[in-house]
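In what follows, a structure is listed as structure tokens, so that the remarks can point back to it.
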Amino acid sequence: MKLTDFDVYKQLLLSQSGLDLSQEKTYILESRLKPVAKKWGYPALGSMTMALNGVPEPGLIDDIVEAMTNNDTSFFRDGQPFESFKKDVLPYMEKSRAKAKTLRVWSAGCSSGQEPYSLAIILKEMQENAPAWKPQILATDISDEILEQAKEGRYTQFEVQRGLPVQLLMKHFQQEGDKWQIDEDVASIVTFYKHNLVEDMNRLDMFDVIFCRHVLTSFNKETQRKVLENMLEHLEPDGFLILDDSEDVSNITDQIKNVEGRKNVFAHANGPHVGSTKATGT
Ligand SMILES: C[S@@+](CC[C@H](N)C(=O)[O-])C[C@H]1O[C@@H](n2cnc3c(N)ncnc32)[C@H](O)[C@@H]1O
């Protein structure tokens, strides 16, 4: 691939999705974009690049962004953030939202649904003891294709074996042929919606808890800061933001702090939760 071609795709992906591609990823770019060029009738990547320099057909840019996004995910991924949600965040929310009995959770960058459905299973089990509670999860992603899969809520044996305890599989899924279908009473807690994190978030509501995991890592520091600060505008003053180990937010924004003793759990720097280190590391 010519350097000029690489620069066109790097710039396009940065502006459209926040993905900051390094030169070492040129081979991934080539292997993922060749099928897109073929689909759109371009004999080679060079001719698709030329089309992008003009006025590209609607849909071509979306296909390029979709081809380059990493959708890897699993149920209860990394375990510990979901334990924190269940054991620390929920007990706090049950007390602080005891009157309204509502809880709004945002799964930002939800991929094929395993993250929001894992949260929905935890919330469904909470509802079994407290039926008056009305939890809601908004699950968003940039990719139409992955959102369609997520909405279906149907998973292969391999997918359910990645992280889903067998008793939860038996309790909340039905086997249909060689797939597992999530039960409607769990699925109905989740609403899927297309949203690009690098675009403005004005249409989004306020949330008590935001999960944003394995997403920020593909952005550069400037994009991470903008996205984090925009998300914080949609987090209630006493809300929680749950990130992951690969998302090193130190030196990115001083608007969040790590909640004391809770790895990966963050809150507003000036909020009521007790923080250990500020995200700036100061
Ligand atoms: C690696 S998956 C992580 C899924 C899940 N959060 C987890 O931890 O398992 C990253 C997801 O973020 C989505 N994504 C990437 N850039 C995005 C953007 N700018 N806006 C919204 N979603 C984005 C991708 O489409 C992908 O589904």
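The values are calculated or read from the model by the stated rules, or taken from the named source; none is laboratory data. Small disclaimer: the values here were computed from a predicted structure and weren't measured. Cβ coordinates were reconstructed from backbone atoms using ideal geometry, including for glycine residues, and neighbour counts include every protein chain displayed.
Of note, SER84 does not satisfy the criterion of being buried (at least 23 other Cβ atoms within 10 Å of the Cβ), in the same structural domain as LYS179 (by TED's automatic domain parsing) and within 16 Å of the ligand (Cβ to nearest atom). Could you list, in sequence order, all residues of region 101-117 that are assigned to a loop (DSSP other than H, G, I, E, B) and either within 7 Å of the ligand (Cβ to nearest atom) or surrounded by 24 or more Cβ atoms within 10 Å (Cβ to Cβ) (or both)? Matches in region 101-117: GLY109, CYS110, SER111, SER112, GLY113. In the set LEU19, LEU29, LEU12, LEU60, only one residue is closer than 28 Å to HIS214 by Cβ and under 17 Å from the mean Cα position of the chain (by Cα); that residue is LEU19. Checked against (1) at pLDDT below 95; (2) surrounded by fewer than 17 Cβ atoms within 10 Å (Cβ to Cβ), ASN230 passes all but condition (1). Cβ-Cβ contacts under 8 Å between residues 6 or more apart (or on different chains), taken from a first residue in region 201-215 that is closer than 17 Å to PRO237 by Cα to a second residue that is within 14 Å of the ligand (Cβ to nearest atom) and acidic (Asp, Glu), are listed as PHE211/GLU115. Restricted to region 187-214, and to residues there that are surrounded by 13 or more Cβ atoms within 10 Å (Cβ to Cβ) and of a type in the set (Asp, Glu), the residue that is farthest from the ligand (Cβ to nearest atom) is ASP208.
If a residue counts only when it is among the small types (Gly, Ala, Ser), which helices (runs of 4 or more DSSP H) contained entirely in region 1-97 have at least 2 such residues? By residue number, 3-17, 26-39, 45-53.
Any chance region 57-66 includes a residue that's out of contact with any helix residue (DSSP H, G or I) (no Cβ under 9 Å at 6 or more places or on another chain) and free of Cβ contacts under 8 Å to residues at least 60 places away in the same chain? Let's see the steps before the verdict.
Start the filter on region 57-66 by keeping residues that are out of contact with any helix residue (DSSP H, G or I) (no Cβ under 9 Å at 6 or more places or on another chain), which leaves 58-59.
Narrowing the set further to residues that are free of Cβ contacts under 8 Å to residues at least 60 places away in the same chain leaves 58-59.
Yes, because at least one residue in region 57-66 is out of contact with any helix residue (DSSP H, G or I) (no Cβ under 9 Å at 6 or more places or on another chain) and free of Cβ contacts under 8 Å to residues at least 60 places away in the same chain.
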